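Participant: Below is a structure I'd like to ask you about.
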Amino acid sequence: MLNNQVVVLTGGAGLVGKAFIEAIAQNSGVAIIADISLEKGQQAKASLPESLQDNIDVIELDITNKESIVQQIQFLHEKYGRIDALVNNAYPRNKNYGRHFFDVEYEDFNENVALHLGGYFNVSKHFTKFFVEQGHGNIINISSIYGLVAPRFHIYEGTKMTVPVEYAVIKSGLNHLTEYMAAYLKDKNIRVNTLTLGGILDGQPESFLKNYREECLNKGMLNPEDIVGSMVYLLSEQSKYVNGQNIIVDDGFSI
Ligand SMILES: NC(=O)c1ccc[n+]([C@@H]2O[C@H](COP(=O)([O-])OP(=O)(O)OC[C@H]3O[C@@H](n4cnc5c(N)ncnc54)[C@H](O)[C@@H]3O)[C@@H](O)[C@H]2O)c1
């Protein structure tokens, strides 16, 4: 479905990113793992099937660093002659991230919002400048159900987990950044959409999985493979006039 499209995916070495990279390569796209850790990116690539290796590339990119972004856009342009899409998927957080509301310091709140939401803005801005010159582009922002609905705090009872307040603010802000940018880029042949994900299975405690399941319709927490179809759709020509939208893949958690 992707016909040699060059797709840059930030945080491509992570849990969700790796599944997206595999799906893009499987659909004949050129999937670029753009991660702050080159080593993790190379390991992620090596862990994917041999048959897909020619369709996967790895670059070191820090979404919070302007020079890193500008340099890599230039490098990819020279190497591939084009960049068709950017997927904002990285998940930066500082060492104090993940605390309960009353334990979050002002400085940590600001730093985490700056790293994550600020980082997504930073990458989007520089790629968009390139896309305007190129004459086309496609941006997909990876968001979360917690950008959409209030946390169901009861499902975390008995675990050390919570929904950090920064995360809720970051992802709800990101949802609107999509709409802002889609509108700003009118007539530029660049579309911007959000892909909102429900929770992804990653060894969470049984009690939490059971409580989470109660909030869903058929499955509960999802496997990374469950969410990749919507990503491929948003990257493909099939969604050419889907713009400024939010596709939600959460087994009904948010209804
Ligand atoms: N895992 C879930 O349950 C879930 C649910 C909903 C949404 N999401 C979203 O999916 C996206 C990916 O999450 P994940 O669970 O795969 O996270 P992850 O921690 O497994 O992977 C994140 C990746 O981002 C990279 N990264 C961190 N800082 C970076 C930076 N400054 N520049 C570039 N790369 C950087 C890390 O090296 C890592 O490879 C995030 O936007 C997250 O909010 C995840």
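The values are calculated or read from the model by the stated rules, or taken from the named source; none is laboratory data. Small disclaimer: the values here were computed from a predicted structure and weren't measured. Using ideal geometry, Cβ is built from the backbone for each residue, glycine included, and neighbour counts are taken over all protein chains shown. Just so you know, the surface numbers come from the protein's heavy atoms only, side chains and all, with ligands and any DNA or RNA stripped out. Shrake-Rupley method; radii C 1.70, N 1.55, O 1.52, S 1.80 Å.
Participant: Might you let me know whether region 175-187 holds any residue that is assigned to a loop (DSSP other than H, G, I, E, B), touching a Gly at 6+ places or on another chain (Cβ under 7 Å), under 15 Å from His116 (Cα atoms) and within 14 Å of the ligand (Cβ to nearest atom)?
Facilitator: Checking region 175-187: not a single residue is assigned to a loop (DSSP other than H, G, I, E, B), touching a Gly at 6+ places or on another chain (Cβ under 7 Å), under 15 Å from His116 (Cα atoms) and within 14 Å of the ligand (Cβ to nearest atom).
Participant: How many residues, within region 1-44, are more than 11 Å from the ligand (Cβ to nearest atom) and free of Cβ contacts under 8 Å to residues at least 24 places away in the same chain?
Facilitator: 1
Participant: Among the candidates Ala23, Ala13, which residue alone is within 19 Å of Val249 (Cα to Cα) and touching a helix residue (DSSP H, G or I) at 6+ places or on another chain (Cβ under 6 Å)?
Facilitator: Only one candidate passes the filter, namely Ala23.
Participant: Answer yes if at least one residue in region 137-147 is at pLDDT 95 or above and open to solvent by 70 Å² or more (accessible area, probe 1.4 Å), and no otherwise.
Facilitator: No, the conditions are met nowhere in region 137-147.
Participant: Residue by residue through region 125-147, note down the ones that are in contact with a helix residue (DSSP H, G or I) (Cβ under 9 Å, 6 or more places away or on another chain) and free of Cβ contacts under 8 Å to residues at least 60 places away in the same chain.
Facilitator: Lys125, Lys129, Phe130, Gln134, Gly137, Ile139, Asn141, Ser144, Tyr146, Gly147
Participant: Can Glu166 be described as among the acidic types (Asp, Glu) and crowded, with 18+ Cβ neighbours inside 10 Å?
Facilitator: For Glu166, the condition - among the acidic types (Asp, Glu) and crowded, with 18+ Cβ neighbours inside 10 Å - is met.
Participant: Which of the residues spanning region 112-136 are open to solvent by 20 Å² or more (accessible area, probe 1.4 Å), more than 16 Å from the ligand (Cβ to nearest atom) and not charged (D, E, K, R)?
Facilitator: Matches in region 112-136: Phe130, Val132, Gln134, Gly135, His136.
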